[in-house]
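Scroll down for the structure; my scribbles are underneath it.
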Amino acid sequence: MTDDQYFGRLGQAKPLLYKTAFMYLGSESAAVDAVDEAAYKGWRGRKKLRQPEYFSTWITRILINVCNDALRRRLRELPMENLPQQAAEDYDSLPLADAVSRLPEELRQVVVLRYFSGLTLEETARALGLPRGTVTSRQKRALALLRLQLEDDEQ
Amino acid sequence: MDRYQEYQALAGRLEALPPALEYTEQRVRARIAARRRWARLIGLPAGTVAALFLMFVVLVNASTTTAYAMGRIPGLAGLAARVALSPSLSAAVENKYVQPMELSARDDRGNRVTVEYVIVDRKQVNIFFTASGRVTGEIEHTPATDNCVSSLTSPREDSALYKLTLDYLDSDVPAMLDLTFLAGDEKLPTLQMAFDPYFTQQGRVVVLDQWIELGGQRILIKDVEIYPTHVRVRLEDDPANTMWLHSLELTLADSLGNRVAAVKNGISASGSATPFMAVHMLESVYFSGGKDFTLAITGAGWLEKDKERLAISTKTGQADFLPRGVRSISVQQTAPGLEVCARAELAGQGMRQIFYSLCFDPLGNEYNIDQWRSVMVEGDEALFEESFTVEGFEGEYILLQPIETAYTSLDRPIQIDLPRQ
């Protein structure tokens, strides 16, 4: 993949990447930084992408790792006693964006990709390296915790 | 709002992509270019500091986004010690909102100028340069526009760093500026400055469209424009008003307790065809971190529409009226022309200009006042004196144009909350 080809595909994927990063990190500037970082790491690792048609799910995986790194750095900076502990019944009382950010990681990544970044069930499964069935069950659990009813024509 | 409505609102909000996202490719390409250049450096002899420095200078010169991407700008920490910075520009420097330039021009007469940095946004360019020889900061630039006003700040002691500010009043800062510094009657080679589009995109407009009543006049607060270098408050007036608004006592505060007031060194207000000052400038809140802002108006200076010209007898010194805060006016006919001297009270901002530079004789002939003198009155700390000579003036009376004739002071400020963006 040439540089121009890489950046051409990146340009198409940017809105998806930004929305994903925003839902993970909660701020516009942090999301833009994460997209920059993922774009750079993607460029460095572009030779590992064997099927360019799966570019968007591949770069999404990189972005999620970048976001998780950023979240881990935030946790290291936060004293233990300040870490929020979220009981199942508390999600209801939180604004939706906060509630999503407090979901367990395996549920959060599914609901962000499916319902905020606009990926299909198949694309989400590929991005996360999971079977479709696992994605389906996790998104159900996540939506139940969030008290959010959304239709899924793909199930 | 139920959960589904929350979801729709949040999903809708995500559709609005931030302007910074548009330049992801640019920033990443700059990192890639830097990586490739540093990789070539590995082959240089160890300890070749000069070569490394040269490579860094070439780096920032070749790619204006490189320093931003690298997050390191040499010499930035000492900038404030070399030239006076406004609170807005100090905040910009602290946040590394600076574009290095390293552009030089020289001639064989010992005249030299080096543009080291710029701080630029959609409406203002601040050019930091060193100069030697006969270079004083006088410039020509293209594209030229009548809407651009320049102001120069001299270096601090023991420094040679000047700051030249270009304020674009109606149009935007161009993507590129050709700058020619003058050295006396000579011109140095033209410098071509390309601004990083990331910086020239910065700024947001908060629309208000709110009428207020102030001093018995109606003023429309159209919008507040927040840029990294300053804030602009744009107004319109009601044609039925009996006075032109000239100055505003205005502050902008955020929810974190940060408060900014009018720009002190530079353009503080601008107008167009009438004496109404439609745009008022404040220091910036761009880097404050606050989200909720409140505009507060505590006073206003006016020019009454039936007092736009002030007649003063050149024989008796008798004036129709006295402008705002003026205690006395005296005139004296001399060989060069007519000397005019006005004593006035200091206002909050200190000495101010009392008259516009254009005046008239009884036949309607125009005279331009080229030089003013403003000094404190000896023995009275509350008064200052503005004096000037209208060269070649003859006539029974002179018509001067006062800048302000009335003032409104509010015990309770008018406060306007800006809608959250």
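Close Cβ contacts (under 8 Å, 6 or more residues apart or on different chains) running from residues in region B:1-18 that are on the phi < 0 side of the Ramachandran plot and within 9 Å of another protein chain (Cβ to nearest Cβ) to residues that are exposed (fewer than 12 other Cβ atoms within 10 Å of the Cβ) and at pLDDT 85 or above comprise B:E6/A:P95.
Residues in region A:112-154 that are without any contact (Cβ under 8 Å) to a residue 24 or more places away in the chain and within 14 Å of chain B (Cβ to nearest Cβ): A:A144, A:Q149, A:E151. Can you find even one residue in region A:64-71 that is part of a helix (DSSP H, G or I), in contact (Cβ under 8 Å) with a residue 12 or more places away in the chain, within 12 Å of another protein chain (Cβ to nearest Cβ) and touching a Lys or Arg at 6+ places or on another chain (Cβ under 9 Å)? No, every residue in region A:64-71 fails to be part of a helix (DSSP H, G or I), in contact (Cβ under 8 Å) with a residue 12 or more places away in the chain, within 12 Å of another protein chain (Cβ to nearest Cβ) and touching a Lys or Arg at 6+ places or on another chain (Cβ under 9 Å). Among all residues of region B:241-263, there is at least one that is among the aromatic types (F, W, Y), surrounded by 18 or more Cβ atoms within 10 Å (Cβ to Cβ) and over 19 Å from B:R420 (Cβ atoms). As a summary of the residue check, B:R204 satisfies the conditions (1) farther than 30 Å from B:E25 by Cα; (2) of a type outside the set (A, V, I, L, M, F, W, C); (3) modelled with pLDDT of 85 or more except for the one numbered (1). The sole residue among B:D209, B:D172, B:D185, B:D167 that is within 13 Å of B:K123 (Cα to Cα) and loosely packed, with under 15 Cβ neighbours inside 10 Å is B:D172. The single condition among (1) under 21 Å from B:A131 (Cβ atoms); (2) in a strand (DSSP E or B); (3) not hydrophobic (A, V, I, L, M, F, W, C) that B:D223 does not satisfy is (1). Does at least one position in region B:185-197 carry a residue that is over 19 Å from B:I139 (Cα atoms) and out of contact with any helix residue (DSSP H, G or I) (no Cβ under 9 Å at 6 or more places or on another chain)? No, every residue in region B:185-197 fails to be over 19 Å from B:I139 (Cα atoms) and out of contact with any helix residue (DSSP H, G or I) (no Cβ under 9 Å at 6 or more places or on another chain). Where strands (runs of 3 or more DSSP E) sit wholly within region B:106-209, those with at least 2 residues that are within 17 Å of the chain's Cα centre (by Cα) and hydrophobic (A, V, I, L, M, F, W, C) occupy B:112-120, B:124-132, B:148-153, B:161-168. The number of residues in region A:29-43 being within 15 Å of A:T60 (Cα to Cα), more than 9 Å from chain B (Cβ to nearest Cβ) and among the aliphatic types (A, V, I, L, M) comes to 2. Restricting attention to region A:1-28 and to residues that are within 8 Å of chain B (Cβ to nearest Cβ) and not hydrophobic (A, V, I, L, M, F, W, C), the residue that is farthest from the chain's Cα centre (by Cα) turns out to be A:D3. Assess whether A:L49 counts as being more than 14 Å from chain B (Cβ to nearest Cβ) and not β-branched (V, I, T). Taking the combined requirement at face value, the residue satisfies it. Among all positions in region B:387-402, there is at least one residue which is under 23 Å from B:E345 (Cβ atoms), in contact (Cβ under 8 Å) with a residue 12 or more places away in the chain, among the hydroxyl-bearing types (S, T, Y) and touching a strand residue (DSSP E or B) at 6+ places or on another chain (Cβ under 8 Å). Residues in region B:354-375 that are closer than 10 Å to B:S387 by Cα and surrounded by fewer than 12 Cβ atoms within 10 Å (Cβ to Cβ): B:Q371, B:R373, B:V375. Does B:S387 satisfy the condition of being hydroxyl-bearing (S, T, Y), at pLDDT 90 or above and closer than 30 Å to B:V263 by Cβ? When the stated conditions are applied, B:S387 passes them.
Inspect all residues belonging to region B:81-92 and state whether any of them is in a helix (DSSP H, G or I), modelled with pLDDT of 50 or more and of a type in the set (D, E, K, R). Outline the logic, then answer.
Step one: list which residues in region B:81-92 are in a helix (DSSP H, G or I), which gives B:81-82, B:87-92.
Narrowing further to those that are modelled with pLDDT of 50 or more: B:81-82, B:87-92.
Going one step further and asking which of them are of a type in the set (D, E, K, R), we end up with B:82.
Yes: one or more hits.
Here the condition is being modelled with pLDDT of 90 or more, touching a Phe, Trp or Tyr at 6+ places or on another chain (Cβ under 6 Å) and not aromatic (F, W, Y); of B:A342, B:A406, it holds for B:A406 alone. So is B:R234 out of contact with any Gly (no Cβ under 6 Å at 6 or more places or on another chain) and surrounded by 15 or more Cβ atoms within 10 Å (Cβ to Cβ) or not? It is true that B:R234 is out of contact with any Gly (no Cβ under 6 Å at 6 or more places or on another chain) and surrounded by 15 or more Cβ atoms within 10 Å (Cβ to Cβ).
The values are calculated or read from the model by the stated rules, or taken from the named source; none is laboratory data. Computed from a predicted model, the values in this text were never measured in an experiment. For neighbour counting, all protein chains shown are included, and Cβ atoms are generated from backbone atoms with ideal geometry for every residue, glycine included.
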